[in-house]
Amino acid sequence: MCEKDLDALRQTCERAVEWADLIELRLDCLQEIPETFPELTKPVILTFRPAEQGGHRQLTREERQTFWSSIAPQAKNVWWDIEGDLVHDLAPDWSRVIVSHHDFSGIPNDLEQIYERLARTPAAVLKIAVQANDILDCIRIFNLLDRARNDGRDLIAIAMGNAGIATRILGPSRGSFLTYGALDDKSATAPGQVNARKLRSLYHLDTINNQTMICGLVGLPVMHSVSPHIHNAAFVSAEVNGVYLPFEVQDAQQFFERMVHPRTRELNWNLRGLSVTAPHKQAVMNCLDWIDVDAKEIGAVNTVVVEDHQLLGYNTDAAGFLDPLLSRFPTLRDARVAIIGAGGAARAAIWALRRQNANVTLFARNTTKAQPLADSFGISCTALTGALFDGYDLVINATPIGSGAHIHQSPATREQLSGSDCVYDLIYNPVETRLLQEAREAGCETLGGLEMLVAQAEKQFELWTGKKFSHGLSQMKTDLVRVLSENSWP
């Protein structure tokens, strides 16, 4: 809890009780330090953090020492979190002290020595929070937790930032004394901090153990994805002990070598399956032992299964793309289809449509870059600028235009779409894109990307678990619309 005044602190603490086992009061956030603190039904951690360790005040060592020496003796349900440099200057009840070290620049080279230094103190719990600049930084954090468990020491070890989110969610199941959650998405007190409600209701933190099958989304970026909402709900509904996490990966080859492949990984974890998204769908193919023939033909893998010490690659995008279409079109044979875009999504769509004997034309802003894709499938490629889609049965957007930084843009205007029958936007976030608005104004039927997302995810889930979604698809879509309305792109 980080608030500027005591009244606000009391109010947020009352809200936090619903989700928390302990509540940390960040006293360095308060403009004035009170003589007494809110009385809570949950144990409390008092923290008075200096700016250089991630706090909200410029505090000298002497000011921090004076503060801790002046506050009332610890009650049974009160913990102190103090920095390592104060250990020899204070005399608290060490059985309720967390001694901590923070580094917001990265993983220090002497991480193990820092642990050893903290371990020599009388504090009951050690805390090390360092910035993860790459997902590979999680390896050292998890290894440190293993060491602390072997040493019989209670440790909180966290890799901060989006690349380190796995340490926040999996940490307690690997021996971490606790993990930190924000009250909501706007009140995080450290980079990559997940809100407490999501830790419990989305990731089901309390049920994760060393038998939990771990799956996740590999890409860059990934934090906007709703795939964790889909797969974690599916695990619960199917009564599978599993968890699905976002993995922000910069170098796919290094990630697969050091964290994924059973023969080379440096981490002992029950990793069983991965979704793969941009920009790694093609690069990941070089990391696999076997690739399904359809994925080879498409030239992209979006699903990895870890099985018998091997990595197996599949593509569920094509089938997921087709499912919503085949529920609307009795046949796609000889249908005139325009695909806008020349990336991985377009490649899967072209392959699927050609399998259905549709007549496909590729439209792109840069035809020079798009021509090799068109040539590989024997279709024509046309410039998007000035194109008219009159007479097309189906127009498909396979670009990111309409989401993220391009949320207010559309790859085609109402005038361009006039005379086409149906517009299919593969973007699912936001649910209502500018392209779909333009299409309806042009009198076209519309189809959003949410149905494809759920369809391809169901096929992934079946590959990992051998089970189909038992969570009704219509209910799944309803839930996702609600999630997207709460967490839409800025």
(request) Taking the residues in segment 421-435 that are more than 27 Å from the chain's Cα centre (by Cα) and open to solvent by less than 10 Å² (accessible area, probe 1.4 Å) as candidates, determine which candidate is farthest from Gly386 (Cα to Cα). (result) Cys422
(message) I'm trying to understand the selection: among the residues of segment 327-355, which are farther than 19 Å from Asp425 by Cα and of a type outside the set (Val, Ile, Thr)?
(response) Pro330, Arg333, Asp334, Arg355
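Step by step: first the residues of segment 381-410, then only those that are open to solvent by less than 60 Å² (accessible area, probe 1.4 Å) and of a type in the set (Ser, Thr, Tyr), then the one that is farthest from Glu297 (Cα to Cα). Which residue is that?
The selected residue is Ser410.
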(message) Taking the condition of being crowded, with 17+ Cβ neighbours inside 10 Å and not β-branched (Val, Ile, Thr), how many residues in segment 360-376 meet it?
(response) 6
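Is segment 385-392 home to any residue that is farther than 30 Å from Gln253 by Cα and of a type in the set (A, V, I, L, M)?
yes
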(request) Answer with yes or no whether Thr12 is touching a helix residue (DSSP H, G or I) at 6+ places or on another chain (Cβ under 9 Å), open to solvent by less than 60 Å² (accessible area, probe 1.4 Å) and hydroxyl-bearing (Ser, Thr, Tyr). (result) no
(request) Select from segment 400-440 the residues that are touching a His at 6+ places or on another chain (Cβ under 7 Å) and in a loop (DSSP other than H, G, I, E, B) and list them in ascending order. (result) Pro400, Asn429
(request) Pick out, from segment 1-110, the strands (runs of 3 or more DSSP E) lying fully within it that include 1 or more residues that are under 19 Å from Phe177 (Cα atoms), in contact with an Asp or Glu (Cβ under 8 Å, 6 or more places away or on another chain) and of a type in the set (S, T, N, Q). (result) 44-47, 97-103
(message) Looking at the structure I just gave you, is Pro191 within 30 Å of Arg10 (Cβ to Cβ), surrounded by fewer than 20 Cβ atoms within 10 Å (Cβ to Cβ) and modelled with pLDDT of 95 or more?
(response) no
(request) Grab the strands (runs of 3 or more DSSP E) fully contained in segment 236-340, keeping just those with 3 or more residues being in contact with a His (Cβ under 8 Å, 6 or more places away or on another chain) and crowded, with 19+ Cβ neighbours inside 10 Å. (result) 242-248
(message) One residue is enough: does segment 77-85 have a residue meeting the conditions surrounded by fewer than 12 Cβ atoms within 10 Å (Cβ to Cβ) and not acidic (Asp, Glu)?
(response) no
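The values are calculated or read from the model by the stated rules, or taken from the named source; none is laboratory data. All values derive from a computational prediction rather than experimental measurement. Cβ: placed from backbone, ideal geometry, glycine included. Neighbour counts: every protein chain shown. For accessibility, only protein heavy atoms count, side chains too; no ligands or nucleic acids. Shrake-Rupley method; radii C 1.70, N 1.55, O 1.52, S 1.80 Å.
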